[in-house]
Amino acid sequence: MTLSADRLAAARLRLEVDGAVATVTLDKPDARNAQTPTMWRTLAEIGAELPDDVRVVVVRGAGSTFSAGLDRTLLTPGGGDGQESVAELLSQSDDEVSTTIEAYQQGFTWLRDPRFVSIAVVHGYAIGAGFQLALSCDLTLMADDAYLCMKEAALGLVPDLTGTKPLVDAVGYPRALEICATARNVGAEEAVRIGIALDAVPADRLDDRLADLVAALTAPMAGAVRETTALVLSATHHDLDTQRRLEREAQARRFRELATLLTP
C-alpha cells in the first residue's frame, strides 16, 4: 500500500493488516474519534488500496468510544484538523457541494465491497457519522452498554454519509424515519432486536466475540464467502427472477473453482 504511516497519522487513522484481516482504527481518542473530511478521504484511499487477500475488515475506535460523529468545529471556518473544513461547503455551488460530499461518501461505501466482510465494533457510542460508519459495515458488534444515535436532524442537517439505505434495509421505513427524525439514542439491546447489530456483549468480551466471528468468517473458502456476500447484498434490490439467475451464475463459478482444485 502507498499510504504512509505519516499520512494515516495526519488523518488520525491506524491500519493494521494481519494476513486475511485488516483493522482500521479511528485514532482520535482525545476528541472521541470525531470525524473529519481528511479522515473520510483517507478511508476511501484505504479501501482502494486494500490487498486482495484481505477477507475481513474490522472498523473500531480508539479509547472509550467508537465515534462522536462529525467534528463540530469543522462547521466554522478554520476549524477541525486545519486541512479541510465542512464550512467551506457554504461558499460552493450546489453541484460543487454534491461533488465534495460524494468524495466524502467514498470513505464509507468501500466497506460494502463483497471481496471482504466488514465488521464494526462499537463501544461507548456511535453518533451521526459514527452511526453511519457502523451502518456501512456488513456486521456490527456492540458492547451491551453502547448506543447509536443519528444526530443530524438535531443539528439542522440530514444523514449524508450513506447511512439511510442500510438503516431502512435493516429496520424498515417507519422505524428508520423515527430514529433519524427524532435523533434519539438506540441502545445495544434494541439495536440487536430491530436488526441493526448482530450481537451485544459486555465490553470486556467484545474482543473475544470479534475473534470468534472472524474465525468463523475465514474458515470457509474465500471464494464461497465472497460469492455469498455478493448474493445477499444483491438480494436487497433485485426481484426473485434476477436473484435466482445470479445464484445460478455464482454456483457455476463455484463449481468451476472446485473442479480446478480437485483436478490432479
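The values are calculated or read from the model by the stated rules, or taken from the named source; none is laboratory data. Please read all numbers here as calculations on a predicted model, not as lab measurements. Cβ coordinates were reconstructed from backbone atoms using ideal geometry, including for glycine residues, and neighbour counts include every protein chain displayed.
Quick one: is Glu190 farther than 24 Å from Arg72 by Cβ, acidic (Asp, Glu) and surrounded by 14 or more Cβ atoms within 10 Å (Cβ to Cβ)? Considered against the rule, which asks whether it is farther than 24 Å from Arg72 by Cβ, acidic (Asp, Glu) and surrounded by 14 or more Cβ atoms within 10 Å (Cβ to Cβ), Glu190 comes out as yes.
Scanning region 147-185 for residues that are under 12 Å from Ile196 (Cα atoms) and among the aliphatic types (A, V, I, L, M) returns Leu148, Leu167, Val168, Ala170, Val171, Ala176, Ile179.
Hand me the list of helices (runs of 4 or more DSSP H) wholly inside region 151-264 holding 3 or more residues that are under 30 Å from Ile101 (Cβ atoms) and either in contact with a strand residue (DSSP E or B) (Cβ under 6 Å, 6 or more places away or on another chain) or assigned by TED's automatic domain parsing to the domain that holds Ile101 (or both). Steps first, please.
Working: elements: 164-171, 173-182, 188-193, 206-218, 222-234, 240-262.
Per the criteria, 164-171, 173-182, 188-193.
Filtered by the rule that a residue be in contact with a helix residue (DSSP H, G or I) (Cβ under 8 Å, 6 or more places away or on another chain), more than 22 Å from Gly172 (Cβ to Cβ) and surrounded by fewer than 24 Cβ atoms within 10 Å (Cβ to Cβ), region 119-138 gives a lone residue, His123.
Only one residue in Thr23, Thr42, Thr100 is surrounded by fewer than 17 Cβ atoms within 10 Å (Cβ to Cβ) and either in contact (Cβ under 8 Å) with a residue 40 or more places away in the chain or polar (S, T, N, Q) (or both), so which one is that?
Numbers: Thr23 fails: surrounded by fewer than 17 Cβ atoms within 10 Å (Cβ to Cβ); Thr42 fails: surrounded by fewer than 17 Cβ atoms within 10 Å (Cβ to Cβ).
Of the residues listed, the single one that is surrounded by fewer than 17 Cβ atoms within 10 Å (Cβ to Cβ) and either in contact (Cβ under 8 Å) with a residue 40 or more places away in the chain or polar (S, T, N, Q) (or both) is Thr100.
Of all the residues in region 22-56, those that are at pLDDT below 95 and of a type in the set (Lys, Arg) number 0. Within region 200-209, the set of residues being surrounded by fewer than 18 Cβ atoms within 10 Å (Cβ to Cβ) and either touching a Phe, Trp or Tyr at 6+ places or on another chain (Cβ under 8 Å) or closer than 13 Å to His123 by Cβ (or both) comprises Val201, Pro202, Ala203, Asp204, Arg205, Asp207.
Assigned to a loop (DSSP other than H, G, I, E, B) and touching a Phe, Trp or Tyr at 6+ places or on another chain (Cβ under 6 Å) - does that describe any residue in region 45-60?
The initial filter retains those residues of region 45-60 that are assigned to a loop (DSSP other than H, G, I, E, B), namely 50-55.
From what is left, the residues that are touching a Phe, Trp or Tyr at 6+ places or on another chain (Cβ under 6 Å) are 54-55.
Yes; the residues of region 45-60 include at least one that is assigned to a loop (DSSP other than H, G, I, E, B) and touching a Phe, Trp or Tyr at 6+ places or on another chain (Cβ under 6 Å).
No other residue among Ala62, Ala48, Ala87 is in the same structural domain as Ala129 (by TED's automatic domain parsing), aliphatic (A, V, I, L, M) and farther than 21 Å from Arg7 by Cβ apart from Ala87. Screening Thr73 with (1) in a helix (DSSP H, G or I); (2) of a type outside the set (A, V, I, L, M, F, W, C); (3) at pLDDT 90 or above gives one miss only, at (3).
To keep it simple, each residue is scored yes or no on (1) within 16 Å of Asp138 (Cβ to Cβ); (2) more than 22 Å from the chain's Cα centre (by Cα); (3) of a type in the set (A, V, I, L, M, F, W, C).
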{"residue": "Cys149", "(1), (2), (3)": "no, no, yes"}
{"residue": "Leu206", "(1), (2), (3)": "no, no, yes"}
{"residue": "Ala219", "(1), (2), (3)": "no, yes, yes"}
{"residue": "His238", "(1), (2), (3)": "no, yes, no"}
{"residue": "Asp241", "(1), (2), (3)": "no, yes, no"}
{"residue": "Ala259", "(1), (2), (3)": "no, yes, yes"}
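Given the condition farther than 28 Å from Met142 by Cβ, touching a Leu at 6+ places or on another chain (Cβ under 6 Å) and surrounded by 16 or more Cβ atoms within 10 Å (Cβ to Cβ), answer yes or no: does some residue in region 67-81 qualify? For region 67-81, residues farther than 28 Å from Met142 by Cβ, touching a Leu at 6+ places or on another chain (Cβ under 6 Å) and surrounded by 16 or more Cβ atoms within 10 Å (Cβ to Cβ): absent.
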